[in-house]
Amino acid sequence: MNTATRVQLSVMMFIQFFIWGAWYVSMGVYMGELHFEAKVIGWAYSSTAWAAIITPFFMGMIADRFFPAQVVLGVLHLAGAALMFLVSRTTEPMLFFFLLLGYACCYMPTLALTSAISFNQMKSTQDEFPLIRVLGTVGWIVAGLLISYLKVDATARPMEIAAGCSLLMGLYSFTLPHTPARAAGKKASVREILGVDAFALFKDRSFAVFMVSALLVCIPLSFYYGFGARFLAEGGVQNITAKMSMGQMSEFFFMLVIPFFFARLGVKYMLAVGMGAWVVRYLLFAFGGNNVLVPPFTADQMLGSLSMVGMWYLAILLHGVCYDFFFVTGQIYVDKRAPKELQSSAQGLFALFTWGIGMTIGTVASGQVVSFFSIQEAIHWKAVWLTPALLALVVLVVFFALFNEKSVPEDKDAGKA
């Protein structure tokens, strides 16, 4: 890949994830300012999960069979810009949700499209793609820092910024390297579109255990994405979006060291550590605090207060372990386990189970749990965070007991008939 193309794709990834990072973290705080009920906030955060279920069945086929990927990418971002702008102007809960769902149906397919455009330009995806993709993490971090610097976390401004950047990305997409429809003119069967053949992998018990565990662990995961920012805001933490971007900084680091740990821990322990990190994260949120010290106070009181709020920051920093050790390792496991002809379908199945079904259940459930532990507008946060901690612990125990790493073939194609 030449330098010009590398820069072009890096800018694409930066803007792609800047857009998501601009609105996603702070939306819960903003919806709280609008006095939306917790269950409504949960539904709003489920929009991306619903989109992950709905859109792959037709957007992938459009990009594969009818139009170049960069054209589809541009059209989706332009449509998304209009919808996100409308979301920023809406204060009615149901309209807010359906507009956001429409936006998510435009945005979520672009995650796969940006990867497809990148892969089409690469000779060695294993060596080249991480250096391009990591710019997406940088984009998310910069978005968080900008939102906090502007002090607009609790306003509609982050959505306006996301809409503006979506417009920019839409126009920029038409300048990206040409990525032709790979299966233009070919007839698609229903089995191919739905990825039904990938379900044959469930004949392996450990693969089935992994996929079900991945789905279930996304339920407690949703609590952090949906209510982490609001929890910190109510706890008196300032510049929330910037503080939560510490999680992406951690993700950046752990993404680079995954090969080191993978060689020493193996799949089972990497996945287990990722699940265990979610348990620890929620316990830190439950038992940490942001105590206000009133002079005169002792050194012990000051140290105690720092250690309490430090637990919250440690919970944020655990994001790198939570995300990379489970999701990135999970993608590697699926890639190793699936026969070559099923690898794309298997990865789509993994995305469907996690970002689709798991996150959909989780975002709705998290809103219901927060509502259950709320008295008027006061939320019993300790009980809220102990709930996903317990759920993640149960999934971890079952996974560790039933998953057998020896079932992972050494060769990618080992599962072929």
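Please work out which residue is modelled with the lowest pLDDT, limiting yourself to the range 266-278 and to residues that are farther than 21 Å from residue 314 by Cβ and among the hydrophobic types (A, V, I, L, M, F, W, C). Applying the filter and picking the extreme gives 267. Restricted to the range 249-265, and to residues there that are at pLDDT below 80 and under 21 Å from residue 21 (Cβ atoms), the residue that is farthest from the chain's Cα centre (by Cα) is 256.
Filter the range 76-95 for residues that are under 14 Å from residue 23 (Cα atoms) and under 21 Å from the mean Cα position of the chain (by Cα) and give the result. Correct list: 80, 81, 83, 84, 87.
Taking residues in the range 250-267 that are part of a helix (DSSP H, G or I), and partners anywhere that are of a type in the set (Gly, Ala, Ser) and modelled with pLDDT of 80 or more, the pairs with Cβ atoms closer than 8 Å and at least 6 places apart or on different chains are 250/320; 251/320; 252/320; 253/320; 254/320; 255/320. Would you confirm whether any residue within the range 6-24 is surrounded by 20 or more Cβ atoms within 10 Å (Cβ to Cβ) and without any contact (Cβ under 8 Å) to a residue 24 or more places away in the chain? No, the conditions are met nowhere in the range 6-24.
Can you find even one residue in the range 131-145 that is within 15 Å of residue 19 (Cα to Cα) and touching a Cys at 6+ places or on another chain (Cβ under 9 Å)? Yes, because at least one residue in the range 131-145 is within 15 Å of residue 19 (Cα to Cα) and touching a Cys at 6+ places or on another chain (Cβ under 9 Å).
If we keep just the residues of the range 84-125 that are in contact with a helix residue (DSSP H, G or I) (Cβ under 6 Å, 6 or more places away or on another chain), in contact (Cβ under 8 Å) with a residue 12 or more places away in the chain and assigned to a loop (DSSP other than H, G, I, E, B), which is surrounded by the most Cβ atoms within 10 Å (Cβ to Cβ)? Explain how you work it out, then say what you get.
Going residue by residue through the range 84-125, those that are in contact with a helix residue (DSSP H, G or I) (Cβ under 6 Å, 6 or more places away or on another chain) are 84-88, 90, 93, 97, 99-110, 113-114, 116-119, 121-122, 125.
So of that shortlist, the ones also in contact (Cβ under 8 Å) with a residue 12 or more places away in the chain come out as 84-88, 93, 97, 99-110, 113-114, 116-118, 121-122.
Filter once more, keeping what is assigned to a loop (DSSP other than H, G, I, E, B): 121-122.
Values: 121: 19, 122: 16.
Filtering the range 84-125 for residues that are in contact with a helix residue (DSSP H, G or I) (Cβ under 6 Å, 6 or more places away or on another chain), in contact (Cβ under 8 Å) with a residue 12 or more places away in the chain and assigned to a loop (DSSP other than H, G, I, E, B), the one surrounded by the most Cβ atoms within 10 Å (Cβ to Cβ) comes out as 121.
With respect to residue 69, is the statement that it is modelled with pLDDT of 95 or more and either of a type outside the set (Asp, Glu) or more than 22 Å from the chain's Cα centre (by Cα) (or both) true? Can you show your working first?
Working: modelled with pLDDT of 95 or more: no; either of a type outside the set (Asp, Glu) or more than 22 Å from the chain's Cα centre (by Cα) (or both): yes.
Judged against the criteria, residue 69 is not a match.
The residues listed here are 362, 358, 310; of these, the one that is at negative phi and either at pLDDT below 85 or of a type in the set (Lys, Arg) (or both) is 310.
The values are calculated or read from the model by the stated rules, or taken from the named source; none is laboratory data. Since the model is a prediction, treat every value here as computed from it, not as a measurement. Cβ atoms come from the backbone with ideal geometry, glycine included; neighbour counts cover every protein chain shown.
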